[in-house]
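Each value in this text was obtained by applying a stated rule to the coordinates, not by laboratory testing. These figures come from a predicted structure and were not determined experimentally. Heads up, the Cβs are rebuilt from the backbone with ideal geometry, glycines too, and the neighbour counts pull from every protein chain shown.
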Amino acid sequence: MTAAAERIAAQGIPLTVQRRMVLAAALGRDDHPTADELHAEVAGVVPGIARGTVYRTLDTLVDLGLLVRVHHPGSAARYDARLERHHHLVCEACGAIRDLEDRRLDRLALPDTRKHGFRITDFSVHFRGLCRGCARSAGRSAHSSS
Ligand SMILES: [Zn+2]
Ligand SMILES: [Zn+2]
């Protein structure tokens, strides 16, 4: 049994086939898939599984703390099976999200938000830019237009 499955069992929540399939699909990828991408992947194993079922299952897995929902401006919600703190490189052209680990960012001095009545519980930094593929095609089009 995986650590994730043990955690579900410990909470007394039955690990249904659907939950197992959706969780396995998310754990098998590191590209932060959208709900639709996960639905397509699970449908390859469980033909005919409804999109709504996958969406609800994702909500449950997030509530259980087994997946993290990643929001970045201008992109659909994506799901991350990596629970430990890490940061993200977000491509502005294609929306790809890659993981970034940086000890210095992990030790970032947090702002004092008490005057806002806000208590910070966690954070992650995202950097916007161009991924390798998009930077390459941007370079190509710049070349061809000159
Ligand atoms: Zn890109
Ligand atoms: Zn991530």
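Only helical runs count toward this figure. For the chain, summing -39,500 (n - 2.57) over DSSP H runs of n ≥ 4 and dividing by all residues gives -12500 deg cm²/dmol at 222 nm. Take the alpha carbon atoms of segment 91-132, find their center, do the same for segment 1-70, and report the distance between the two centers in whole angstrom. Between the Cα centre of segment 91-132 and that of segment 1-70, the gap is 25 Å. Note on the chain: GNM, Cα springs under 10 Å; of ARG107, ARG20, ARG85, the largest mean-square fluctuation is that of ARG107. Between the residues GLY117, LEU130, ILE97, the greatest Cα displacement towards the positive end of the dipole of segment 84-146, with unit charges on the Cβ of Lys, Arg, Asp and Glu, is found for LEU130. Determine the shape class of segment 1-83: with a ≥ b ≥ c the square roots of the Cα gyration tensor eigenvalues, call it rounded for a/c under 1.5, and otherwise prolate if a/b is greater than b/c, oblate otherwise. It is oblate, given that a/c is not under 1.5 and a/b is not larger than b/c. Judged by the gyration tensor of its Cα atoms, with axes a ≥ b ≥ c, segment 84-146 is prolate; a/c meets the 1.5 cut and a/b is the larger of a/b and b/c.
Potential lengthening of the chain between ARG85 and VAL125 amounts to 13.4 nm, from the contour at 0.36 nm per residue minus the alpha-carbon distance. Judged by a Cβ-Cβ distance under 4.7 Å, the unpaired cysteines of the chain are CYS94, CYS134.
Quick check: residue separation of HIS71 and ASP30 times 0.36 nm, minus the Cα distance between them. What number comes out in nm? Numbers along the way, then the final one.
Details: separation 41, 0.36 × 41 = 14.76 nm, distance 1.55 nm.
Additional length available on full extension: 13.2 nm.
Here, P(r) means the percent of Cα pairs in each 10 Å bin from 0 to the largest distance; for the chain it is 10, 31, 31, 20, 7, 1, 0.
Of the residues ILE49, ILE97, ILE120, the one that moves most in a GNM of the chain with alpha-carbon contacts below 10 Å is ILE120.
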